[in-house]
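Asker: What follows is a structure written as structure tokens; I'll ask about it next.
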Amino acid sequence: MRRVVITGLGMVSPLACGVEATWERLLAGRSGAGPIQGFDTSDLACKIAMQVPRGDGSNATFNPDRWMDPKDQRKVDDYIIYAVAAATQALDDAGWHPRTEEERIRTGVLIGSGVGGLGGISETAVTLHEKGPRRVSPFFITGRLINLPSGYVSIIHGLKGPNHAVATACSTGTHAIGDAARLIALEDADVMVAGGAESAVNRIGIAGFAACRALSTGFNDRPKQASRPYDKDRDGFVMGDGAGCVVLESHEGAKARGAKIYAEVVGYGMSGDAFHITAPESSGDGAFRAMQAAVKRAGIAPRDIDYINAHGTSTPPGDEIELAAVQRLFGDKDAERLSMSSTKSAIGHLLGAAGAVEAIFCTLAIRDQVVPPTLNLDHPSTATPIDLVPHKARKRQVAFALSNSFGFGGTNACLVLRAPD
Amino acid sequence: MSDVAERVKKIVIEHLGVDADKVTDDANFIEDLGADSLDTVELVMAFEEEFGVEIPDDAAESIVTVGDAIRFLDKATAS
């Protein structure tokens, strides 16, 4: 199997449009939370979210016209526009713009989404009901499918390699990067654009996640304090929108073209809980086995891991189950030198984009030798020897980073990244 | 320009994202204005919505230029 490295990063997040602006604000301890804009929340239990800051593009705001032709924007839900923006940034960052037919054929796309075009499906259902089938847009389907971020990115950039997508709820972004790395390792492609995208902050998305009791509802008047992983007052996650994409390529290919290498994807592990559709199994065995598999694939011991970007959504049961699984894997002695933070405290839960954005944060933690903070962690709900990086980013050695994602349906995925050699 | 022509051209400019000066009567949606087959389906839907008429599929197939649309809608709204 070939070695696979990360050579490009792209992101649209609730903190900013762009990787560096998001990272800077994340390290500064800023939160992307606020009262929901754009639709009525008066009858919703949750009235807060982490939405992408829109503007003319200045001050790292997201200007969709920069990334996609306005006539195409009308045909798609926002997650596709976010994906195109993140993928374009990642390709630019990697300096990879395939020109020959062979280069195009060897470059693929694997971007996923947790729920796809939930907003457009909801609106079109109303149109169908009120005006009949003749008013359903010919772009209704293509603007909502899970694999259309991959489709649009391939068409816009002329990438003719494997064109694939993942839909594993909140594990989507992690599975996408892991699977794409495998495609390169097994020589199905030389370069892959991989990641996840989501735009589920809409009336039906908030109503749906609130109905399964996943969202924070007790902080509507204090949105920036709502996402508080591991804190005793946490009461659910705060939903966020955005996308993250990386450019992956074979180590030999990146070396040959003199590309900047951020990190190497050395481990990828997966498991299923076989337990419940929303609740994690109480012993955390599924999370444990996924982390164990990723560490084993990396050919290292748990104690070699310096930083974990936790799944840590800020739900009452989930956070402690993950923490217990990590402690079981590391043991008390090795847990002491480990830092683990949940960046969902600052950007919210980006569902299908979460794993991709968080893998990028792991990559930057390796690059800058700093770990991002867990905001709002005032009073941990349980004692742990692990450094949960409360409130403030911290400089420390990061040679290996682990990124955790666990999704509805009991699907778990973990990546291990290593500093470039 | 007639009221119908003005409204038709406005819809075409909006939906196809083209410059107003390109939207002449003899401009072909696909060949001159960069539309694909799905765009033309959507355009016909937009005309139906704007003018409150139904354009049957066989009539829709014969609307290939801006002028075709204006003539069809002139007739449909006159009756």
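Asker: Is it the case, given these coordinates, that residue A:137 is over 19 Å from residue A:246 (Cβ atoms) and in a loop (DSSP other than H, G, I, E, B)?
Answerer: Yes: the conditions hold for residue A:137.
Asker: Let me ask you something else. Does region A:29-44 hold any residues that are over 17 Å from the mean Cα position of the chain (by Cα), assigned to a loop (DSSP other than H, G, I, E, B) and of a type outside the set (Asp, Glu), and which are they?
Answerer: A:29, A:30, A:36, A:37, A:38, A:39, A:41, A:42, A:44 - these are the residues of region A:29-44 that are over 17 Å from the mean Cα position of the chain (by Cα), assigned to a loop (DSSP other than H, G, I, E, B) and of a type outside the set (Asp, Glu).
Asker: Continuing with the same structure: Is there any pair linking a residue in region B:42-53 that is closer than 19 Å to residue B:2 by Cα to one that is among the polar types (S, T, N, Q), with Cβ under 7 Å and at least six apart or on different chains, and which?
Answerer: From region B:42-53, the pairs are B:51/B:77; B:53/B:77.
Asker: Same structure again: Against the condition away from every other protein chain (no Cβ under 14 Å) and either in contact with a strand residue (DSSP E or B) (Cβ under 8 Å, 6 or more places away or on another chain) or not hydroxyl-bearing (Ser, Thr, Tyr) (or both), how does residue A:30 come out, does it pass?
Answerer: Spelling it out, residue A:30 is indeed away from every other protein chain (no Cβ under 14 Å) and either in contact with a strand residue (DSSP E or B) (Cβ under 8 Å, 6 or more places away or on another chain) or not hydroxyl-bearing (Ser, Thr, Tyr) (or both).
Asker: Then there is this: Picking from A:15, A:26, which residue would you name as being part of a helix (DSSP H, G or I) and aliphatic (A, V, I, L, M)?
Answerer: Selected residue: A:26, the only one of A:15, A:26 that is part of a helix (DSSP H, G or I) and aliphatic (A, V, I, L, M).
Asker: Please work out which one of (1) within 14 Å of chain B (Cβ to nearest Cβ); (2) closer than 30 Å to residue A:214 by Cα; (3) surrounded by fewer than 19 Cβ atoms within 10 Å (Cβ to Cβ) is the condition residue A:143 fails and give its number.
Answerer: So residue A:143 meets the others, but not (3).
Asker: Are any residues in region A:155-185 surrounded by 22 or more Cβ atoms within 10 Å (Cβ to Cβ), of a type outside the set (A, V, I, L, M, F, W, C) and part of a helix (DSSP H, G or I), and if so, which ones?
Answerer: A:171, A:172, A:173, A:174, A:175, A:178
Asker: Pick from region B:18-41 the residues that are within 12 Å of chain A (Cβ to nearest Cβ) and crowded, with 17+ Cβ neighbours inside 10 Å: which of them is nearest to residue A:69 (Cα to Cα)?
Answerer: Selected residue: B:18.
Asker: Under 6 Å between Cβ atoms, which residue pairs at least 6 apart in sequence (or on different chains) link something in region A:221-249 that is on the phi > 0 side of the Ramachandran plot with a partner that is part of a strand (DSSP E or B) and not hydroxyl-bearing (Ser, Thr, Tyr)?
Answerer: A:230/A:380; A:236/A:215; A:242/A:12
Asker: When the residues of region B:52-75 are filtered to those that are within 14 Å of residue B:12 (Cα to Cα) and surrounded by fewer than 20 Cβ atoms within 10 Å (Cβ to Cβ), which remaining residue is nearest to the other protein chains (Cβ to nearest Cβ)?
Answerer: B:64
Asker: I'd like to know if region A:40-61 contains one or more residues that are within 24 Å of residue B:19 (Cα to Cα) and within 14 Å of chain B (Cβ to nearest Cβ).
Answerer: No, that holds for no residue.
Asker: How many of the residues in region A:92-134 are within 14 Å of chain B (Cβ to nearest Cβ) and in a strand (DSSP E or B)?
Answerer: Looking only at that region, the number is 0.
Here, each number is a calculation from the coordinates, and none is a lab measurement. Computed from a predicted structure; not experimentally measured. Positions of Cβ are backbone-derived with ideal geometry, glycine not excepted, and every protein chain shown enters the neighbour counts.
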